[in-house]
Structures are given as C-alpha cells and as structure tokens.
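These notes are about the structure you will find just below.
The values are calculated or read from the model by the stated rules, or taken from the named source; none is laboratory data. Quick caveat: nothing in here was measured; it's all calculated off a predicted structure. Cβ: placed from backbone, ideal geometry, glycine included. Neighbour counts: every protein chain shown.
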Amino acid sequence: MRIAAIAFETQEAMVVTDARNRILRVNRAFTEVTGYSAEEAIGQTPNLLKSGYHDDSFYLEMWHALQEQGHWRGEIWNRRKNGEVFPEWLTISTVRGSRGEPTHFVASFLDITQRKEAEEQIEFLAYYDSLTHLPNRRLLNERLDKALIATARHRRHAALLFIDLDNFKTLNDTMGHAIGDQLLREVALRLRDSVRSNDTVARLGGDEFVILLEELGERPHEAIAQVEHLARSVLAVLGQPHRFGEISYRCTASIGAVPFRGAGQTVESLLKSADLAMYKAKEAGKNALQFFDPAMQTEVEERAVLERELHQALDAGQFVLYYQPQVDRQGRLFGAEALLRWQHPTRGLVAPGAFIPLAEETRLILPIGQWVLEAACRQLAAWQAQPETAGLSLAINVSALQFRDGHFVDSVARALSATAAPARRLKLEITESLLFEDSDAAIERMQTLKRKIGVGLSLDDFGTGYSSLSYLKQLPLDQIKIDRSFVSDIGSNANDAAIADAVIALGRAFGLTVVAEGVETVDQRDALLARGCDAFQGFLYGRPLPIAEFDRLAAAQRDGRDSIQASTAAPVAAGT
Ligand code: C2E
Ligand code: MG
Ligand code: MG
C-alpha cells in the first residue's frame, strides 16, 4: 500500500475513476496541472476537464478502445480550472474484475504545452524568416509547386514578382544594420498589406522579396494587367517615406514579373526568369517594373502610352461620333447608332475596341461617355431642325460603369434639356453585364429613364450574355439587338438560325422591337426578314459614317428613292 501510494505521487498527473467514471482519487500533479484540488475533483467525472475541442466521435472511439483493448493513448486538449486550454499526452487503462468486467479506469497524463510550443517553434524556423516572419524560400518553393499544379488544372494564371530594394546596401552601410532590419520589417508589412490573403509574400534573404499571386484571370492580357496594377501599387506603397526616429527615408524597389500558367515551367525556371526581369528593371533605372517576356513588356508599355494619350484626348477634342444607318423592314432609314471613334494625331482613326476597355479600367469612360451623351443630344436636336432628318432616332452605347454611376439619370435629363433634343428619339443601348451587379438598383434606374425621362432602352449584343428569361421580363426594354455573331452564320449554321428564331419570338412575346446587327449580305437580310425581324443595321445598308456623309445619305433617301439601296458589295472591315 505504501509503495503504491508513493508510486501514485509521480510527475505525471493521475486520476482513478470507478466503472461509472466517477473520480475516486487524483494526485498532486493533477492539481498542479489542472488547478482542481482533490476535494473539487472527487465525485465528478473527467468531463470536468473537457475543452470542447473534440467532437463526440473522438470520445466514442476512446471508449471503444477502452472496452475492446483495455487502454487508450493519445493527445487530447483539456481545460484547466482557470479556463485555459492545454494539450496533454494521456494514457488510460481499464482495470477489470474477476469476471473481466471493468471496475476502474486509471488515467495518467503529462502537460505537453511546452513540447508543443517547441515543435511549433521548430516548424516556424524551418518555414519562416525570423526577421520579418514572412514565409522563407522553402515555404515559397512549396507554394509555388502547388500553384504550378493548380494553374494547370483550373486555367487561371498566377504570377511571380521578384522584388529587390534599390540601394539597400548603402542604407545598411551608412545607417547601420539595426535600421536596415527595421526597414526590412516595415517593407514586409507593406508588401503583406498590398496583396490578398491567399497570395504569398516571401523573403528570400537580404533585401529580396517575392510575391506569388494566384487566381488571376484566364486571358493572358487580363493577367498582365492585374500584375501590372499590383506592381504599380507596390511601388507606390514602398515609395511612401519610412520614419526611423528623426530620419525619414524613401525606399524604391525594382520588380521583375513572370505571369505563368500550367506545365512547362519549374519552380527554378520561374524564379530565375523573375530574377532576370528584376535585373532588367534595375538596368532601366530602378523603381520600375519589368516583365520577363519582351512581348508582355511591350504590351504594358504601349498601354501606358495609350492611357496617357487617352487622358488628353477629351480635352484635345479628338473624339468623334460616326453614325451607322438603321432601317426598317422596307429598307427605310429611321435612325442611326452613334459609334465612337478616336481621331488620334498619329495612329489615325481608332475603333472603340482598342480603347473602350482601357477607358473602363481607368474610369475615363465616365467623362468620355458624358461627352458621347451630350454630342448625341446635340446631333438629335440638329436633326430636328432639318425636314429630311427630323424623324430620325439616335442610339448611343452606355457602358455598365457609366450606368451604375449615381449621376447618370440626371446627366441624361440635363443633356436632353440643355439641347432641347426630343427624349423619345434617344435610345440607350446597354448590355447584360450591366444587370449583374445590384440588379434592383439597375431596374429602378431603367424605369426612371424610361417612364420619367422618356428615353428608349435597348439591350445590345443580345444572346451573348446569360440573362434568364424571367429576369428579362422585368426589364423595361423597348428593343433587343441580336448580336452580330448569330447573324453572320444565319444561313449556314442551324444553331445560329435557331437562336435568331428564338430571339425574334422572344421579342414578340415581350412586345419588343428586334434589331439585327451586322447584316452584311442580302441572304442574311432575307433570312432575318423571313423570321420576322423588325429592323436592320449593318454594312449592307451602310457603314458607320461621319455626320456629313450620313446626312447626305438621309437627304438622298428622302429626295428620290424610298429605301436605301441594299448593295451586294463585299463587306468591308469594321471600324471606319
Ligand atoms: P456595338 O454597340 O455592338 O456596335 C456594333 C459594332 O458592329 C460597331 O463596331 C459597328 O461598326 C460594327 N458593325 C456594324 N455593322 C457591321 C457589319 O455589317 N459587319 C461587321 N463586321 N461589323 C459591323 P465599332 O464601331 O467598332 O464598336 C464596337 C463596340 O464598341 C460597340 O459595339 C460598342 O459596344 C462599343 N462602343 C462604340 N461606341 C461606344 C460609345 O460611345 N460608348 C461605349 N461605352 N461603347 C461604345
Ligand atoms: Mg451598340
Ligand atoms: Mg452590338
């Protein structure tokens, strides 16, 4: 009994329970670890210590092992009297009576908090940089490996950015390593704040950092633009002055970038490419971004030039509207769509496809769209004054960004009243993409435009988006335009013909006018006529024209012929 009593008082905490799991006895180590005295514990069950970290199945398995094998051993999280949860290494044995029935359970455990902390510390040192607490090269390599596999599977791009601080060595040498370390920690924080939580910022050593961006776009130029955007904001954020006591220090960096997707690359080749690109950025004068791929670099540089020029184009009066005729079933001209052109001093006439996406990205589409709106209203008013054009309507394209802008409805009202243009002759062409975000607000806005202001609403490029029919029904539309892609093969592709049929039937059912875009041949026109299409627009009737030419066309139609002669001439490329 004495020996047993001494053995019971070991370093390990011990608990003895009866067959119903009531605590009969605990030792001193138990009280030290859990905070419960013997008086508090006896009579209770070990549930007293339950942390809530494990689910029922965990305890069921434990009981099962005790019944079947007579013992259980493992790691478990329990709760001390003061509420603190801690890890313990627990061993439980079943004591059986003469007939083999369980009479007692004896449990002993060690508090392994410290061991756990040590393990975590070791793991941390293996994968993280101790100065900045960013992932180190080893963890970066693992994540890069995973990113290579992931991009091959889901088709989205990822990108590696190699960042090297400019003139870090000079700072380190002149101000001392303590300041150098402080700067590196500060840079780490700023980089971390510049990316999304699923991106990785790592430090390779010295003043070399790497950002791994994941889940970028599927299309290459989309990914390039995203990388450029992030790199620019990183350069801006790093360029903010750093304060070290009295001293203010401005730090710049050079960035090399490699967007990638899928197989054909290795972790090593990517790091090497990004590193090389970073050196090119240094050579180019530092504080710069350089893509590894020269084609990507050219794209980025051209875009930067275009963006600068686009900023000035409005003030320089370089935008013009071209007017493309729209005709009814008899071929009579009833209106036009205004299509934007950029009269560029050196590039010549630039089609909207080349600059509208950039204008949207930079939000320049807002002032540009405003200009289009005002110019179109002025033109409508001018047409009213001439008998040969008095009845014409004019459609303009409205970008989703513009439509979502809080002032849009007011702008339309103001442009109409300032020019005295008739609202019912103005048509706004919108696309389905506009309806995705915040659709209730969009519908309300459309209703105001239509009911209060009295302009017409047309759904452009119909068939290319994903509108549901029930949704379409809620929209106060006047018109839908069948997208050019279905018109072009209407004679030869049964699917396209079926879509045209469906769109026209849909328009009928909802009481909407159906306009076909991109009608280039008599065959296409005939196929559309036969299906009941209401109106036509396309090279067959006329390309987008400067206003003087369009007015001549309108006058000629009124004078002599009562319909635009449909020419069978071969279609010419769009954009002029
Ligand atoms: P959209 O509104 O669908 O305009 C129709 C496009 O098809 C125009 O291209 C037009 O020139 C072209 N097109 C017309 N008939 C034919 C044809 O028979 N064959 C062929 N191959 N093409 C034809 P454009 O002028 O290059 O405009 C492209 C797009 O740019 C427009 O597509 C519209 O989404 C956008 N856009 C044009 N002007 C503006 C504007 O002022 N603001 C905004 N936000 N977007 C505009
Ligand atoms: Mg349009
Ligand atoms: Mg269209």
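What the table below lists for this structure:
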{"quantity": "Residue in region 424-446 that is within 21 Å of Leu366 (Cα to Cα), within 16 Å of ligand 2 (Cβ to nearest atom) and among the basic types (Lys, Arg) present", "calculated": "yes"}
{"quantity": "Residues satisfying the stated conditions in region 519-528, i.e. more than 13 Å from Ala500 (Cα to Cα) and either touching a residue at least 40 places away in the same chain (Cβ under 8 Å) or small (Gly, Ala, Ser) (or both)", "calculated": "Glu520, Thr521, Val522"}
{"quantity": "Of residues in region 1-35 being farther than 14 Å from Leu110 by Cα and touching a Leu at 6+ places or on another chain (Cβ under 7 Å), the one surrounded by the most Cβ atoms within 10 Å (Cβ to Cβ)", "calculated": "Thr17"}
{"quantity": "For Thr113: the one exception among (1) surrounded by fewer than 14 Cβ atoms within 10 Å (Cβ to Cβ); (2) free of Cβ contacts under 8 Å to residues at least 40 places away in the same chain", "calculated": "(1)"}
{"quantity": "Matching entry among Ala415, Ala494, Ala395 (being in the same structural domain as Leu529 (by TED's automatic domain parsing), away from ligand 1 (no atom under 14 Å from the Cβ) and of a type in the set (Gly, Ala, Ser))", "calculated": "Ala494"}
{"quantity": "Odd one out for Arg155, checked against (1) buried (at least 19 other Cβ atoms within 10 Å of the Cβ); (2) under 27 Å from Phe291 (Cβ atoms); (3) not aromatic (Phe, Trp, Tyr)", "calculated": "(1)"}
{"quantity": "Some residue of region 135-147 being surrounded by 12 or more Cβ atoms within 10 Å (Cβ to Cβ) and either within 30 Å of Glu84 (Cα to Cα) or modelled with pLDDT under 90 (or both)", "calculated": "yes"}
{"quantity": "Wholly enclosed helices (runs of 4 or more DSSP H) of region 384-467 bearing at least 2 residues small (Gly, Ala, Ser) and away from ligand 3 (no atom under 16 Å from the Cβ)", "calculated": "408-419, 439-447"}
{"quantity": "Spans of strands (runs of 3 or more DSSP E) in region 227-294 with at least 1 residues closer than 22 Å to Leu189 by Cα and of a type in the set (S, T, N, Q)", "calculated": "247-249, 253-260"}
{"quantity": "Enumeration of residues in region 528-552 that are in contact with a helix residue (DSSP H, G or I) (Cβ under 7 Å, 6 or more places away or on another chain) and small (Gly, Ala, Ser)", "calculated": "Gly532, Gly542"}
{"quantity": "Residues of region 143-198 satisfying the condition of being over 30 Å from the mean Cα position of the chain (by Cα) and of a type in the set (Ser, Thr, Tyr)", "calculated": "Thr170, Thr174"}
{"quantity": "Region 533-567, subset more than 13 Å from ligand 1 (Cβ to nearest atom) and among the polar types (S, T, N, Q), residue modelled with the highest pLDDT", "calculated": "Gln557"}
{"quantity": "Residue that is modelled with the lowest pLDDT [pool: residues in region 201-211 that are surrounded by fewer than 22 Cβ atoms within 10 Å (Cβ to Cβ) and part of a strand (DSSP E or B)]", "calculated": "Gly205"}
